[in-house]
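The values are calculated or read from the model by the stated rules, or taken from the named source; none is laboratory data. Remember, predicted model here, so these are calculated numbers, not experimental data. Here the Cβ positions follow ideal geometry from the backbone for every residue, glycine too, while neighbour counts run over all protein chains shown.
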Amino acid sequence: MIPKIQLALDCSSLEEAIKDCQNGVVDEVDILECGYSLIAAEGARVVKVFREMFPDKSLVADFKIVDAGSKIGGMLLDGKPDYTTILCACEKGTITSVKKEVEKRNLKTELQMELYGHWSFDDIPMWIESGIDQLTLQHSGDLPGTWTKEEIEVLKKLSEYDVKICAAGAIGIDELELFKDIPVDTFIFGRAIRGAQNPALMAKQIKEKIKTIWK
């Protein structure tokens with residue numbers, strides 16, 4: 001399995017996000033993400049905007065839902081994303097509420113649980129039973145440096161569960177070797193691609209590097 005590339009549009013405005021999708025970069029990634037900061041700045045409408053702009057591209061609504069699953073989830077799901085994120089601090093009812101909104105709209109949206117801050121492996125079976133399709137381990141942007149050995153070991157342990165796993169935060173082309181023995185479904189890149197001098201070329205180089213590691 002070759003891991004997918006997700007481009008996180010953690011922008012402060014819709015105009016900035018649209019600009020970051022120009023010059024061919026979208027063609028070099030597998031998934032586009034309406035990032036948390038973008039949705040916070042512009043509202044759930046941005047999911048609809050990007051669905052209309054890129055109807056054939058997999059799309060994530062990354063608002064890390066932690067409460068009000070029906071209301072918040074419903075607003076995001078109106079944009080028909082392929083994935084939406086839920087924060088691990090939520091109650092079980094939040095997961096099931098979002099799941100019901102997915103079913104109500106006859107969508108196939110997958111639910112991602114973002115593992116951020118304090119959480120327990122003991123909760124994972126309940127999350128999966130409640131409808132979680134993916135687990136995303138996040139290296140906090142508020143932490144210095146890149147992934148630690150402890151975080152890599154946690155990701156390895158997550159791969160033992162019957163669920164897709166994703167890795168996000170502080171990942172660039174040089175960090176990919178850290179994950180070479182782990183069946184990661186998706187790598188989430190932000191500044192490593194968006195901040196490059198040539199984002200499309202960087203995304204292409206990342207794709208080639210991934211192929212050499214997970215051949």
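Among the conditions (1) buried (at least 18 other Cβ atoms within 10 Å of the Cβ); (2) at pLDDT 95 or above; (3) over 17 Å from E33 (Cβ atoms), F187 misses just one, which is (3). In region 66-95, the residue that is nearest to Q138 (Cα to Cα) out of those that are assigned to a loop (DSSP other than H, G, I, E, B) and touching a Leu at 6+ places or on another chain (Cβ under 7 Å) is C88. Would you confirm whether any residue within region 93-103 is in contact with an Asp or Glu (Cβ under 7 Å, 6 or more places away or on another chain), without any contact (Cβ under 8 Å) to a residue 40 or more places away in the chain and of a type in the set (V, I, T)? Checked against the condition, which is being in contact with an Asp or Glu (Cβ under 7 Å, 6 or more places away or on another chain), without any contact (Cβ under 8 Å) to a residue 40 or more places away in the chain and of a type in the set (V, I, T), region 93-103 yields at least one hit. Each residue in region 164-215 was checked for being touching a Lys or Arg at 6+ places or on another chain (Cβ under 7 Å) and either assigned to a loop (DSSP other than H, G, I, E, B) or not β-branched (V, I, T) (or both), and 3 pass.
When N106 is tested against (1) in a loop (DSSP other than H, G, I, E, B); (2) modelled with pLDDT of 95 or more; (3) farther than 19 Å from A61 by Cα, exactly one condition is not met: (3). Among residues of region 135-155 that are touching a residue at least 12 places away in the same chain (Cβ under 8 Å) and over 24 Å from I86 (Cβ atoms), those with a beta-carbon under 6 Å from a residue that is assigned to a loop (DSSP other than H, G, I, E, B) and not β-branched (V, I, T) at least six positions away or on a different chain give the pairs T146/A170.
For region 23-41: of the residues being of a type in the set (D, E) and in a helix (DSSP H, G or I), which is surrounded by the fewest Cβ atoms within 10 Å (Cβ to Cβ)? Taking the candidates together, the pick is D27. Scanning region 190-215 for residues that are of a type in the set (K, R), surrounded by fewer than 21 Cβ atoms within 10 Å (Cβ to Cβ) and modelled with pLDDT of 95 or more turns up K204, K207, K209, K211.
Tell me, yes or no, whether region 146-161 has at least one residue that is out of contact with any helix residue (DSSP H, G or I) (no Cβ under 7 Å at 6 or more places or on another chain), crowded, with 17+ Cβ neighbours inside 10 Å and among the charged types (D, E, K, R). Yes: region 146-161 contains one or more residues that are out of contact with any helix residue (DSSP H, G or I) (no Cβ under 7 Å at 6 or more places or on another chain), crowded, with 17+ Cβ neighbours inside 10 Å and among the charged types (D, E, K, R). Inside region 1-22, residues that are more than 17 Å from the chain's Cα centre (by Cα) and not in a loop (DSSP other than H, G, I, E, B) make up a count of 5. Looking at D62, D133, which one is under 18 Å from the mean Cα position of the chain (by Cα) and under 21 Å from L9 (Cβ atoms)? Just a single option satisfies the conditions, and that option is D62. Scoring L143 on the criteria (1) more than 16 Å from K4 (Cβ to Cβ); (2) in a strand (DSSP E or B) leaves a single failure, condition (2).
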